[in-house]
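Visitor: Right, I'll just put the structure down here and ask away after.
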Ligand code: GLA
């Protein structure tokens, strides 16, 4: 007999009283129960793990309301000779009757059983079948590339992880499917662990983090597309039968797509209603999410590593743990999906060490003010002016190191430029600290200019193939983080500067995509690079728990739930035009929280778009996230600086609600040419209302959107930024009538109001 049967191991955590994970041993059925949703699957008669369902729980469902697994939902299919792979396996493998998309494709070099007389091995064997061998419920299971900095998150209560073990009946190959539950946000993190239990290497050709089976008909996809300076453009489309791909094939997350999605039945979900499935990858490298609608109407989502140049060799006894896909379902529309992701990210992803201020500080960044022209006198003057208007974190951007006076030289030489700072950077860092601000510094660690000392010393430290050109982009090449000595050099350079200068904040940039990916790590460079970046960040943070990191890649090229586990905020776009930014921020807000969204007020005339915008518009847009200032403060007169100071003071008042409240997109830009949003505190006693009009059609009155989640019987004062109470109303009135006064405001009209229960 060829098949080795193992007795199932079933281990259940006895310490968890309020179990979220239920297993019915009679029907071999798993029920995962979350606050308002469920997820269920079952071991079938052949030992396959088969998906049963995922969706909102009916209102009033209690602890005992579970799928029994007794009812068979198997379909009788008259077209079975063609559609043989319709069984919704929890992980879809290449082998068996596969011909649709799969989650895992593996090559075995040998056959561990004797051949029958006359049989030929047909090596390599490209067929994986996974059968259930047991499961356990562990506390706090960790996906691949989980942060190793050891810093706490805002909420650290233990979480259950269901680990279901599957094994190939013939080959020495095991896969454990993992489901970590954050029930309060209806979120399941899913990943898988592969293990080579034999002595010969196993080649993995394709690997997703999970397979998601959605109810039939869930075919309306909301996602974002974009480019440099045009990130996060919301797209909504209907999946046709076949495959639709979101992907990026570089060493960062990318600008053209971002790895998250929302899915619903067409026309049956909107901003605040309807069932919406969502998912986001916790990974910052080459990725792909494939959306597949079979001709049977089955809908599957395949989130994982980009298969474009994927290879994973699992040596004897080796394991590989994939990163997670974070997924869930909301019955409260796209807004409900976003709020679940936001709360999850704020509470469970972003690092929150005690050494750090509770809220993200107001930042000043010199890039748009001085470009590469940085020097001690200029930066110190900006710092004094920034401190005077209330800035809390002063960040020096590109141009402070090596021979870097433009983008053609110096990248890689992480020593302070003696031309720009003859006495080093310490005097500036001290001055910034003396002014009561934190000190931040720009780095682009993964890159090198050919015109640099580092490249002259180590021309082989970059990605390249011998005999081929080394293509430059923005005059730079990519360092080979597949070489341990490169990673060691970068870590040492950053670590030394962090401690020597007392750096509180690193802006970590990455300004090109990879080409000619020849690396010491071979094809594994796509994953190894990401792991090395995470590792350097984690080690820096472990050593200096108060250190914050901003993730930037030419604007929003590295934003995802993987980087957010070691970065505190992200630079969403190099486009700082307020109106463009409003659209970009709206797309960003579909998945990511305001707390992490760095947003600057820059000059009235935007050189990128050639548009002028008013100061109120620029502040009203930037105050929707973690406020920053990028204007040249030396060009502003006293009255303008006073106005900046007043806005910053107001922002500090509303910041707790903006950075930790729940977001409601009351009017999306696409509807009436205006964007209206509300942030509301958890207890409903405070809220922030922000309206920015982009387009105004004369004679039309825009709706005054009703506010959300206030206390019905509460009485609220509505305050403008000077603290003047302009309106007083009950929660009931505000949640039925909205706030009057914005209906006919023309293009450029904008305001931010603060509501507080009085
Ligand atoms: C990128 C960043 C900018 C700035 C420049 C510096 O474009 O997105 O904010 O730091 O690099 O070269």
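Visitor: Quickly run through segment 390-399 and pick out the residues that are within 14 Å of residue 439 (Cα to Cα) and either within 11 Å of the ligand (Cβ to nearest atom) or not assigned by TED's automatic domain parsing to the domain that holds residue 626 (or both).
Guide: Going through segment 390-399, the residues within 14 Å of residue 439 (Cα to Cα) turn out to be 391-397.
Answer for segment 390-399, where residues must be within 14 Å of residue 439 (Cα to Cα) and either within 11 Å of the ligand (Cβ to nearest atom) or not assigned by TED's automatic domain parsing to the domain that holds residue 626 (or both): 395, 396, 397.
Visitor: Which one of 455, 464 is in contact with a strand residue (DSSP E or B) (Cβ under 8 Å, 6 or more places away or on another chain), in a loop (DSSP other than H, G, I, E, B) and away from the ligand (no atom under 16 Å from the Cβ)? Please lay out each step first, then the result.
Guide: On the way: 455 fails: in a loop (DSSP other than H, G, I, E, B).
Of 455, 464, the one residue that is in contact with a strand residue (DSSP E or B) (Cβ under 8 Å, 6 or more places away or on another chain), in a loop (DSSP other than H, G, I, E, B) and away from the ligand (no atom under 16 Å from the Cβ) is 464.
Visitor: Any idea which of 198, 254 is at pLDDT 95 or above and farther than 23 Å from residue 529 by Cβ? Spell out the reasoning first.
Guide: Values: 254 fails: farther than 23 Å from residue 529 by Cβ.
The unique qualifying residue is 198.
Visitor: Could you check segment 580-613 and list, in sequence order, the residues that are within 16 Å of the ligand (Cβ to nearest atom), over 18 Å from residue 557 (Cβ atoms) and not in a loop (DSSP other than H, G, I, E, B)?
Guide: Within segment 580-613, 601, 606 meet the criteria.
Visitor: Sort out which residues of segment 135-171 are in a strand (DSSP E or B) and farther than 19 Å from residue 49 by Cβ, and write them in order of number. Before you say what the answer is, go through the steps one by one.
Guide: At the first step, the residues of segment 135-171 found to be in a strand (DSSP E or B) are 135-139, 153, 160-167.
Listed by number, the residues that qualify are 139, 153.
Visitor: If only one of 693, 657, 688 is over 26 Å from the mean Cα position of the chain (by Cα) and crowded, with 21+ Cβ neighbours inside 10 Å, which one is it?
Guide: Working: 657 fails: over 26 Å from the mean Cα position of the chain (by Cα); 688 fails: over 26 Å from the mean Cα position of the chain (by Cα).
Testing whether each residue is over 26 Å from the mean Cα position of the chain (by Cα) and crowded, with 21+ Cβ neighbours inside 10 Å leaves just 693.
Visitor: Oh, and also: Would you mind stating whether residue 160 is crowded, with 21+ Cβ neighbours inside 10 Å, farther than 24 Å from residue 197 by Cβ and at pLDDT 95 or above?
Guide: Working: crowded, with 21+ Cβ neighbours inside 10 Å: yes; farther than 24 Å from residue 197 by Cβ: yes; at pLDDT 95 or above: yes.
Yes.
Visitor: Something else now. Taking the condition away from the ligand (no atom under 16 Å from the Cβ) and touching a residue at least 12 places away in the same chain (Cβ under 8 Å), does residue 345 pass?
Guide: Values: away from the ligand (no atom under 16 Å from the Cβ): yes; touching a residue at least 12 places away in the same chain (Cβ under 8 Å): yes.
In short, yes.
Visitor: Within the group 549, 563, 559, 536, which residue is more than 17 Å from residue 255 (Cβ to Cβ) and within 16 Å of the ligand (Cβ to nearest atom)? Explain how you work it out, then say what you get.
Guide: On the way: 563 fails: more than 17 Å from residue 255 (Cβ to Cβ); 559 fails: more than 17 Å from residue 255 (Cβ to Cβ); 536 fails: within 16 Å of the ligand (Cβ to nearest atom).
Exactly one residue qualifies, and that residue is 549.
Visitor: Look at segment 363-389 and say how many of its residues are more than 16 Å from the ligand (Cβ to nearest atom) and buried (at least 23 other Cβ atoms within 10 Å of the Cβ).
Guide: Looking only at that region, the number is 2.
Visitor: For the structure I just gave you, tell me whether residue 453 is surrounded by fewer than 22 Cβ atoms within 10 Å (Cβ to Cβ) and more than 20 Å from residue 367 (Cβ to Cβ).
Guide: Details: surrounded by fewer than 22 Cβ atoms within 10 Å (Cβ to Cβ): yes; more than 20 Å from residue 367 (Cβ to Cβ): yes.
Here the answer is yes, as residue 453 does meet what is asked.
Visitor: Still on this structure: Could you please find all residues in segment 84-98 being within 13 Å of residue 126 (Cα to Cα) and part of a loop (DSSP other than H, G, I, E, B)?
Guide: Initially, segment 84-98 is screened for residues within 13 Å of residue 126 (Cα to Cα), giving 93-98.
Within segment 84-98, 94, 95, 96, 97, 98 meet the criteria.
Visitor: Here are 224, 204, 175: which of them is in contact with a helix residue (DSSP H, G or I) (Cβ under 6 Å, 6 or more places away or on another chain), over 15 Å from residue 330 (Cα atoms) and at pLDDT 95 or above?
Guide: Details: 204 fails: in contact with a helix residue (DSSP H, G or I) (Cβ under 6 Å, 6 or more places away or on another chain); 175 fails: in contact with a helix residue (DSSP H, G or I) (Cβ under 6 Å, 6 or more places away or on another chain).
Of 224, 204, 175, the one residue that is in contact with a helix residue (DSSP H, G or I) (Cβ under 6 Å, 6 or more places away or on another chain), over 15 Å from residue 330 (Cα atoms) and at pLDDT 95 or above is 224.
Visitor: When you check residue 174 against the structure, is it surrounded by fewer than 18 Cβ atoms within 10 Å (Cβ to Cβ) and either in a strand (DSSP E or B) or outside the structural domain of residue 203 (by TED's automatic domain parsing) (or both), yes or no?
Guide: Numbers: surrounded by fewer than 18 Cβ atoms within 10 Å (Cβ to Cβ): yes; either in a strand (DSSP E or B) or outside the structural domain of residue 203 (by TED's automatic domain parsing) (or both): yes.
Yes, satisfied.
Visitor: Which members of segment 521-543 meet the condition of being farther than 18 Å from residue 310 by Cβ and surrounded by fewer than 20 Cβ atoms within 10 Å (Cβ to Cβ)?
Guide: 535, 539, 542, 543
Visitor: Another question, if that's okay. Sort out which residues of segment 405-415 are under 16 Å from residue 441 (Cβ atoms) and either more than 10 Å from the ligand (Cβ to nearest atom) or surrounded by fewer than 24 Cβ atoms within 10 Å (Cβ to Cβ) (or both), and write them in order of number. Write out each step before concluding.
Guide: Quick first cut of segment 405-415, residues under 16 Å from residue 441 (Cβ atoms) only: 410-415.
Once the filter is applied, which keeps residues that are under 16 Å from residue 441 (Cβ atoms) and either more than 10 Å from the ligand (Cβ to nearest atom) or surrounded by fewer than 24 Cβ atoms within 10 Å (Cβ to Cβ) (or both), segment 405-415 yields 410, 412, 413, 414, 415.
Visitor: A further question on this structure: Scan 356, 313 and give me the residue that is touching a strand residue (DSSP E or B) at 6+ places or on another chain (Cβ under 9 Å), more than 16 Å from the ligand (Cβ to nearest atom) and not assigned by TED's automatic domain parsing to the domain that holds residue 200. Let's see the steps before the verdict.
Guide: Values: 313 fails: not assigned by TED's automatic domain parsing to the domain that holds residue 200.
After ruling out the rest, the residue left standing is 356.
Visitor: Another question, then. Residues to consider are 531, 520, 543; find the one that is closer than 21 Å to residue 492 by Cα, away from the ligand (no atom under 16 Å from the Cβ) and under 22 Å from the mean Cα position of the chain (by Cα).
Guide: Working: 520 fails: under 22 Å from the mean Cα position of the chain (by Cα); 543 fails: under 22 Å from the mean Cα position of the chain (by Cα).
On inspection, the qualifying residue turns out to be 531.
Visitor: Looking only at segment 493-517, count how many residues are more than 16 Å from the ligand (Cβ to nearest atom) and under 13 Å from residue 250 (Cα atoms).
Guide: 4
The values are calculated or read from the model by the stated rules, or taken from the named source; none is laboratory data. Predicted model only: the values in this text are computed from it and were never measured. Using ideal geometry, Cβ is built from the backbone for each residue, glycine included, and neighbour counts are taken over all protein chains shown.
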